[in-house]
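Let me begin by presenting the structure, written as structure tokens, before commenting on it.
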There are 2 protein chains.
Amino acid sequence: MTAISPRPQLHLNINALHSGFVPSAWRRPEADPRAFVDVAHYVRIARIAEAGKFDAVFLADSAAIVDQIDFRPITALEPTVLLASIAAATTHIGLIGTASTSYNEPYNIARRFGTLDHVSGGRAGWNIVTTADLPSARNFGRDTVPDHAERYARATEFTEVVKALWRSWDDDAFVGDPISGRFVDPQRVHAIAHEGRYFKVAGPLNLPRSPQGSPVLVQAGASADGLALAARHAEAVFSASQSLEEAIAYRRDLHARAAAHGRGPHAIKVLAGLATIIGATESEARRRRDALIDQIPEHYSLARLAGTLGVPADALELDRTLPDDLPLPGGGNGNHTFFHATLARARAGRHTVRELIRTLAGGGGHRVVVGTPEQIADDIAQWFAAGAADGFNLMPDCLPGGLQDFVDGVVPILQKRGIFRTEYDETTLRERFAASRAGEGGDVGMRQRHVA
Amino acid sequence: MTAISPRPQLHLNINALHSGFVPSAWRRPEADPRAFVDVAHYVRIARIAEAGKFDAVFLADSAAIVDQIDFRPITALEPTVLLASIAAATTHIGLIGTASTSYNEPYNIARRFGTLDHVSGGRAGWNIVTTADLPSARNFGRDTVPDHAERYARATEFTEVVKALWRSWDDDAFVGDPISGRFVDPQRVHAIAHEGRYFKVAGPLNLPRSPQGSPVLVQAGASADGLALAARHAEAVFSASQSLEEAIAYRRDLHARAAAHGRGPHAIKVLAGLATIIGATESEARRRRDALIDQIPEHYSLARLAGTLGVPADALELDRTLPDDLPLPGGGNGNHTFFHATLARARAGRHTVRELIRTLAGGGGHRVVVGTPEQIADDIAQWFAAGAADGFNLMPDCLPGGLQDFVDGVVPILQKRGIFRTEYDETTLRERFAASRAGEGGDVGMRQRHVA
């Protein structure tokens, strides 16, 4: 089934972040403010992305209200349930959902993503997060956030248990022979008997091997602990690099770390976060950006930036640059990825806080590109050719409009340049992520199909 | 929106138990052995039930392999994910899924069922179980099953936390005014600040009020602790009564217990488990039953019955009656509902173990009716008229065939007799369960609609 691609193909995920990544997106005249809890909104996004041949829909998540709901939508609908709805309305597109290792049990997560893989015919992916915020901790019996190293130690063991559970049924364990009456061969279904520091799980999973064997594992950590987890287990990584050089270095570093675990350079796809604001001309795109920013209350943006940086809002002044002595976020609020990205952004531009907010377009630290479809395609092609990314996790300013503009304007250019698929050739998300390795001498293991 | 029914209407749920309640159902020539992990199979069941105007699809669950997979399908796909897929393929039918209070966190359950309620437009229900088996305990870090009282104490607190989280957003908390920029009124979103024996949960939920306000709560306990939980919180109860008298007494007892919590007699619907084997004639139905039983290996049936009774398989002999001194199941395997139902069945008929297995039709203790559509409709009408049940949780022998036979044969008779709806009049599952109270003087509170 797997077509051999003539040359490397880039990967595109759509981050279906409610009304769009700009906090004021819900205020646009064409927006429905209720979209963040409307399944039809997410289905629409997924169908547009599928028409544009995207690899996957990605859903972020949190286990608490961690933003100011006075002013903007939050991630509200639980990803695995929402992705099952999307699965029913789509055919090809992958379905990647976020779930926390700090506030779940591995058996439950193995089942939910395994089930999503079954109901979607092999399109499921799990974005592994450790959940760094205090409000989430307080919804799960804790007064403080477990410290960074602790969260990642748990996440690593958690991931290993989940993978072992997914492997607990051999490919050929299911027999289903009505004549002999043999339903499953119990010799091919194995206890995992895991006993570790955090978990004790007997297994096996009460779910046969799913179409992908195991759902695709995705991760976004930029800290040393996060990189270590990604190097061992992730098949795709969401990065938040701001510059080409930084992105190339990040990807090279990740490859080196993966190699230490015997994993080839194509075993992990690096998908860089890419926020887009598209206009027919560059100045139209800038006007669109400015109009969106003007609709975000200043005190909200200030509080949000302070939250990203882990400092009190009154430590920042709108018309000054960032303080020089920002402390690295500690255990309680350590969102290293965005912290570093935002710092890099601010220092590269010597921005005042007000300018920084505008440059970030109200976003959380991901790179924002403002321009015409041609300009955005150029940027993507340049990063891809330079080895800065295997693809992108796209965050349009507004949804679904910004995605529709991307699919109508940017995708055809990428296809014309031969770096993006014009049809879906693969059946599963795993095969799709693996496909670009064809002809590149990547490891073969991951391309093996597991069909229960 | 709520139509006033001229007279009480019965409620029907379909228990979408993989290939059907008879363990050999998967071996029928028309069956697909893989149906238990095929979303299309469950969608087909739901659509047939919706064509038959059923109240809801019900999905059982377990958190381990608790049956002999050598011989039969198990509950494998996780209910909330599967129900989201079914929601996308249906319009009216309710969606009730099972989740354990022993091996989950209340915040996660509140979100998952709240999300299911959002994506289904107000059709979600949660069947609260405490999970009594040892294999499940061993998948969640335990060497033993928490004892019965402990499980129910946790379940009660768990349920209260979930309800508080569902109430943490006022109906009018969402503003969504693009002109003022006010998205949510934070004064109308409340922390729950729960601190109890088992849980400490700050809240609020990161999800606005769902279409039903709260998903419908369902429970199946027959023990004193189970009844106490149902009397306080359940809106529907699955019972496993074997005789009309027993069922009437059970329902009366539950109403009395509910009254002690200030709940009217119509606040809880009692849905009796009803396994059906349908034939064009009674003898055809019996032949169908016998053919199905003959395809279940004897040693499997014996082990299953022993499991239900909580005794070793070698304590039972096929050609003798049940031992007189069966101990009441303790903390480790206490499935009181089925234990009592099975005992009652055996003693009423003075059955040998072999006969008992045949009478149970390989089932787990639910009442089995074998006959023509007319006979089954008579049985249902009799129970309903006598106040033995508000409706039934239907378990056809084989799926989807046995359900199709019920919808084609039994439903039209019930409709002709005026005790079952011919159209869906209500929008939400909650309204549907409440509708039969119209004109019966039930409490009004439950009929109130909560639309976020």
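The values are calculated or read from the model by the stated rules, or taken from the named source; none is laboratory data. Being a predicted model, the structure only gives us computed values, none of them experimental. Quick reminder, even Gly has a Cβ in these numbers, built from the backbone with ideal geometry, and neighbours come from all protein chains shown.
Within segment A:91-118, the set of residues being under 18 Å from residue A:16 (Cβ atoms) and either surrounded by fewer than 24 Cβ atoms within 10 Å (Cβ to Cβ) or of a type in the set (A, V, I, L, M) (or both) comprises A:91, A:92, A:93, A:95, A:96, A:98, A:99, A:116.
Just one of the listed residues (B:377, B:388, B:434) is modelled with pLDDT under 95, of a type in the set (Gly, Ala, Ser) and crowded, with 21+ Cβ neighbours inside 10 Å, and it is B:434.
If you check A:287, A:251, which single one turns out to be assigned to a helix (DSSP H, G or I), crowded, with 21+ Cβ neighbours inside 10 Å and away from chain B (no Cβ under 14 Å)? Walk me through how you get there before you give the answer.
Working: A:287 fails: crowded, with 21+ Cβ neighbours inside 10 Å.
Checking each option against the conditions leaves just A:251.
Quickly run through segment B:74-90 and pick out the residues that are crowded, with 24+ Cβ neighbours inside 10 Å and in contact with a helix residue (DSSP H, G or I) (Cβ under 8 Å, 6 or more places away or on another chain). Explain how you work it out, then say what you get.
So the first thing to find is which residues in segment B:74-90 are crowded, with 24+ Cβ neighbours inside 10 Å, and the list is B:77-87.
B:77, B:78, B:80, B:81, B:82, B:83, B:84, B:85, B:86, B:87 - these are the residues of segment B:74-90 that are crowded, with 24+ Cβ neighbours inside 10 Å and in contact with a helix residue (DSSP H, G or I) (Cβ under 8 Å, 6 or more places away or on another chain).
Do you know which residues across segment B:42-60 are part of a loop (DSSP other than H, G, I, E, B), more than 10 Å from the chain's Cα centre (by Cα) and not basic (Lys, Arg)? Quick ask: steps written out before the conclusion?
Just the residues of segment B:42-60 that are part of a loop (DSSP other than H, G, I, E, B), to begin with: B:52-55, B:60.
Keeping just the survivors that are more than 10 Å from the chain's Cα centre (by Cα) gives B:52-55.
B:52, B:54, B:55 - these are the residues of segment B:42-60 that are part of a loop (DSSP other than H, G, I, E, B), more than 10 Å from the chain's Cα centre (by Cα) and not basic (Lys, Arg).
Considering only segment A:84-170, give the helices (runs of 4 or more DSSP H) lying wholly within it that have at least 3 residues that are more than 10 Å from chain B (Cβ to nearest Cβ).
Numbers: elements: A:106-119, A:134-138, A:148-166.
Correct list: A:148-166.
Of all residues in segment A:136-184, those that are out of contact with any helix residue (DSSP H, G or I) (no Cβ under 7 Å at 6 or more places or on another chain) and small (Gly, Ala, Ser) total 7.
Within segment B:312-340, restricting attention to residues that are farther than 20 Å from residue B:300 by Cβ and in a helix (DSSP H, G or I), the residue that is modelled with the lowest pLDDT is B:336.
Output yes when any residue across segment A:360-378 is among the β-branched types (Val, Ile, Thr), touching a residue at least 60 places away in the same chain (Cβ under 8 Å) and more than 30 Å from residue A:326 (Cα to Cα), and no when none is.
The first filter runs over segment A:360-378 and keeps only residues among the β-branched types (Val, Ile, Thr), leaving A:368-370, A:372, A:376.
Subsequent filtering for residues that are touching a residue at least 60 places away in the same chain (Cβ under 8 Å) retains A:368-370, A:372, A:376.
Among the residues that remain, those that are also more than 30 Å from residue A:326 (Cα to Cα) are: A:372, A:376.
Among the residues of segment A:360-378, at least one is among the β-branched types (Val, Ile, Thr), touching a residue at least 60 places away in the same chain (Cβ under 8 Å) and more than 30 Å from residue A:326 (Cα to Cα), which makes the answer yes.
If you filter segment B:61-79 down to residues that are free of Cβ contacts under 8 Å to residues at least 60 places away in the same chain and within 14 Å of the chain's Cα centre (by Cα), you find that the one that is farthest from the other protein chains (Cβ to nearest Cβ) is B:79. Being more than 12 Å from every other protein chain (Cβ to nearest Cβ) and not charged (D, E, K, R) is not true of residue B:211.
Note on segment B:15-30: among residues that are in contact with a helix residue (DSSP H, G or I) (Cβ under 6 Å, 6 or more places away or on another chain) and within 9 Å of another protein chain (Cβ to nearest Cβ), the one that is farthest from residue A:176 (Cα to Cα) is B:24.
Within segment A:11-58, can you find the residues that are closer than 20 Å to residue A:271 by Cβ and β-branched (Val, Ile, Thr)? If the condition is that a residue be closer than 20 Å to residue A:271 by Cβ and β-branched (Val, Ile, Thr), then A:14, A:45, A:48, A:57 are the ones that fit. The selection criterion, being within 12 Å of another protein chain (Cβ to nearest Cβ), within 22 Å of the chain's Cα centre (by Cα) and on the phi < 0 side of the Ramachandran plot, does not hold for residue B:204.
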